Structures are given as structure tokens and as C-alpha cells.
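What follows is a single structure, written as C-alpha cells, with notes after it.
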Amino acid sequence: MTRPAMALLLAAAALLAAAAPAAAADGNAPMPLQPLVDAAPEGSALRLPAGVYAGPAVVGKRLTIEPADGVVTIVNAEERPAITVTAAGAGLRGLRIEQSGGRDHPAVLVQATDVTLDGLDIKTEGFGIRLERADRAVVRGSAVRSTQPPGGRFTERKNGIDLYETDEAVIEGNTVVSMYDAIYLENSDNARIAGNTVESSRYGIHVMYSDGAAIVGNTGRMNVTGAMVMTVDGATIEGNFFAKQSENVNSQGILLFAARNSVVRGNAVSGNRVGVYVEGSSGNRIEDNAITDNFMGMQLIDSEGNTITGNRWIGNVADAGAQRSGNNTIERNFWDAFSGVDADGDGASDLAYAVNPFFLSVTERRPVFQLLFQSPGMRFLEGLYGADRSGWAVDAAPLMRPARETDRTSKDSGRAAGAAGALLLAAACAVIIWSRRRTT
């Protein structure tokens, strides 16, 4: 193409783009995005003036689409993705996308490698972002939410950010709310899932058949399960915060199923039905986690060869339960329900802590018995329930104090409050006794 012809093409594209906001402001149909994409040269940046544009559009060349100024909205009501990217190295930045073209289609579909999606704001009836065989994709700083009514069934929604056979992806700093699974990976190895916020979805982060995943520094609230990690090898789950996964009988903060050789480190799981659930998993390290205020701190089922150390169990109704999981290394954890003896001063109790599963087993069959938590009768029955301890979780050397100062402060303040309460109760009893003696 000659230089004059190229200049004419660019001028035509600029005129089309400039007309788009005016068309939208006049109440006419939004200008189609596809002609602008077709007119933009390979390797260029298509900078759109503020306004509303109509999809669907296919980006089949290395091109970056971004606003020139103000808000750029792409709307699409057809049974196709609003934007489909099929060219390696292409990118979308700072666009608002509203997809109403049916539940089976994503707002953005990527089918090429090395694509960057940055700062998108997506509202969708179906999927938000779908990556198919899109190795080294980057999805950063974007927001995805469902247009389905709040409180509806999860089955009426689709996944927020969905990866299939996409290796070495980076999913970072996104917010996904009210989807089916907020972030879903399948057959997608070595992904980095970092600094995302996932809320009010079925599973906040769902990883299946995807080895080497790094799930780091994410926050999940009010999901059925915070992180569901299934059939993986070599995953890292570190520094995440999962709270209030308790709406469902199967709610967990972190769930490992058939996980191998993975590390669960430095996470905080609080206010969940089960803090950490481990089933059919082996060779994993679960260390330095804060497991607080859950109905059940940890549950082990058919899991052996795992190392559980340096964790802090504080304020849980039941600390832990184990079924057919007797061959794990459990040591040097802190359990606020246990009072040990440290004769040699090494910071660990000389007595082991065998976590009694009686209360849990009773309340699972009769939930109403939760009202009897720590009652004298329940403690008496727990004392009788000790004939066979082969399936119990046993910490061989429980810590006398939490490993972290913040937890220690919280624990000590709780003990101080308890002691103060006991003193006040004793004083009240003394006053009552003294008053009765004076009246007799």
C-alpha cells in the first residue's frame, strides 16, 4: 500500500471514530466497532473517542484498542462475544463492555497467545472473559459482574474469568462479583492468580487439572468456597484471605482435593463453615496459616503424607477432624483449646494434643446440639469418647503460644477479658452471699 493510500485510510478511520459519540448522543444506533478495527493498521493503537460503540467485533490483527479520552462503552446484544481476539499480541485497555447476547457467550473471547486485557469493566449475562489456548495471557485490573438479579441461583450465571488450556497466564488485581465461579482454570498450567477480589460466587477461585498454579494474595468473601483446588500438582496457595464462606453446608475457606506436592502457607481463613478441607491429598505442606472463628478449623479425609505445622487455631467451634488420615505429620501448631505443659522451655508442649472429634460427629448428625458447645455435659461425653484414637488428628508437640505477635496479642486479650469476667462474676456472687447473710 502506497503512503498516500495509507494516509487516506487513517483519515477515514479517524472520521468514523469521531462520528461515533455524536451518533450515540443523538439517540441513534451506536457506531459499529468492526469497521474501525478493520481500518486500523497492524501493530497500531486504535484510540476511540468517548462514546458508545456496537459489537460484535473480531480483532484479527496485532492491535490495541483503548479510549482516547473519557468513557468508551462497547454494547452487544448478538449471540456472539462483544469482542473476539484472534491475533497474538493484541490488547484491550480501559473499555466498558456490556454483553447481553445470551448466557452461553462471553463478553470477551481470546483465542490467541500473548494478549493483554487491562482495566476492562464488564457486565454480562453469560461469561465475562474466556481464554482458550491463549498462553501467556494477562488479565489485569478488570471488573466482571453478572447482570443476573442478586440472590438468584448460581446455575443461572457463568464464570467470570475462565481459562481453558491456557498456560502461564497472569490473572492479577481483578474484582469478580456474583458469577458462577469467579475465576476458573481447567488444564491451564503455571498460572499466577494474584491480588484478586472474588465475592458472592459459587467458588471464588476454582482450579482443576492445572499444575503449578500460584494463588497469592487474593481476597474471597461470601462464596460457597473461597479456593477450590482439585487434581493439581505443585500448587502454591499463599497469603490469601477467605472469610464468611458459610452459607452452604459444604462451604470451605480453602479446599484441597486430590492435590499433590502443594504448599498452603500464610493464609487467613475466618468465619467459614470449614477453614481448610483436605481430601484425597498427599505430600502437601500446610503451614503458618491463621485458622480462626470457623465452625470447624480443618477437616482431613483419606489424606496421608501431609505436613501440618506452624498454624494457629483460634476461636473455632471444633478444631479439627480426621477420617482415615492417620499418617500425617502434625506438630508445632497453636491450639487455643489446649493447655499444655512445657517443662523444657522449648516453646512446645511436652504433651501431645489429640483433637477429640466427638462434638463434630454429634453435631453433624444433630445440628441442634451445637447449642451444647463446651457445656459440662458435652465435655463429660467427650471424655468418655476415647476408646479408639487411630483416626484422630494428633499434634505431637503443640505450641504454647501463637507463632505471630498479632495472634498472641489477640489471645492474651481474650484471656484477660475472660479473667476479668470471672473476677466480676466472683464479686457478684460474693455480694449476693453477703446480702443474704445480712437478711437472715
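The values are calculated or read from the model by the stated rules, or taken from the named source; none is laboratory data. Values in this document were obtained by computation on a predicted structure and should not be read as measured data. Cβ: placed from backbone, ideal geometry, glycine included. Neighbour counts: every protein chain shown.
A258 is checked against (1) within 22 Å of M222 (Cα to Cα); (2) out of contact with any helix residue (DSSP H, G or I) (no Cβ under 8 Å at 6 or more places or on another chain); (3) hydrophobic (A, V, I, L, M, F, W, C) and fails just one. What number does that condition carry? Condition not satisfied by A258: (1). Of the residues making up the stretch 267-287, those that are within 23 Å of V198 (Cα to Cα) and either of a type in the set (F, W, Y) or at pLDDT 95 or above (or both) are N267, A268, V269, S270, G275, V276, Y277, V278, I286. The residue that is farthest from the chain's Cα centre (by Cα), counting only those in the stretch 194-218 that are in a strand (DSSP E or B) and under 13 Å from I237 (Cα atoms), is A214.
Return the residue satisfying two criteria in turn: it lies in the stretch 132-159 and is of a type in the set (D, E, K, R) and under 24 Å from R202 (Cα atoms), and of such residues it is surrounded by the fewest Cβ atoms within 10 Å (Cβ to Cβ).
Only one residue tops the list, namely R153.
Quick check: is even one residue across the stretch 123-131 under 25 Å from the mean Cα position of the chain (by Cα), closer than 17 Å to E66 by Cβ and in contact (Cβ under 8 Å) with a residue 12 or more places away in the chain? Yes: one or more hits.
Taken across the stretch 233-240, residues that are part of a strand (DSSP E or B) and either hydrophobic (A, V, I, L, M, F, W, C) or in contact with a Phe, Trp or Tyr (Cβ under 6 Å, 6 or more places away or on another chain) (or both) do occur, with at least one present. Number of residues in the stretch 287-301 that are crowded, with 24+ Cβ neighbours inside 10 Å and within 17 Å of the chain's Cα centre (by Cα): the value is 3.
The condition (being surrounded by 24 or more Cβ atoms within 10 Å (Cβ to Cβ), touching a Pro at 6+ places or on another chain (Cβ under 9 Å), among the β-branched types (V, I, T) and farther than 17 Å from I171 by Cα) is satisfied by just one residue among I129, I83: I83.
In a residue-by-residue description of the stretch 104-122, the property of being touching a helix residue (DSSP H, G or I) at 6+ places or on another chain (Cβ under 7 Å), more than 23 Å from G70 (Cβ to Cβ) and in contact (Cβ under 8 Å) with a residue 12 or more places away in the chain applies to no position.
Out of I291, I237, I254, one residue alone is farther than 27 Å from N187 by Cα, modelled with pLDDT of 95 or more and not acidic (D, E). It is I291. Only residues that are part of a loop (DSSP other than H, G, I, E, B) and buried (at least 24 other Cβ atoms within 10 Å of the Cβ): list them for the stretch 307-324, please. Scanning the stretch 307-324 gives a single hit, N311. Here V355 passes the criteria (1) modelled with pLDDT of 90 or more; (2) over 19 Å from E238 (Cα atoms) except the one numbered (1). From the list V229, V264, the one residue that fits, being at pLDDT 95 or above, part of a strand (DSSP E or B) and over 11 Å from the mean Cα position of the chain (by Cα), is V264. Could you please let me know if N223 is touching a Gly at 6+ places or on another chain (Cβ under 7 Å), polar (S, T, N, Q) and in contact (Cβ under 8 Å) with a residue 40 or more places away in the chain? Here the answer is yes, as N223 does meet what is asked. Candidates in the stretch 233-286 are the residues that are touching a Leu at 6+ places or on another chain (Cβ under 9 Å) and hydrophobic (A, V, I, L, M, F, W, C); of these, the one that is surrounded by the most Cβ atoms within 10 Å (Cβ to Cβ) is I237.
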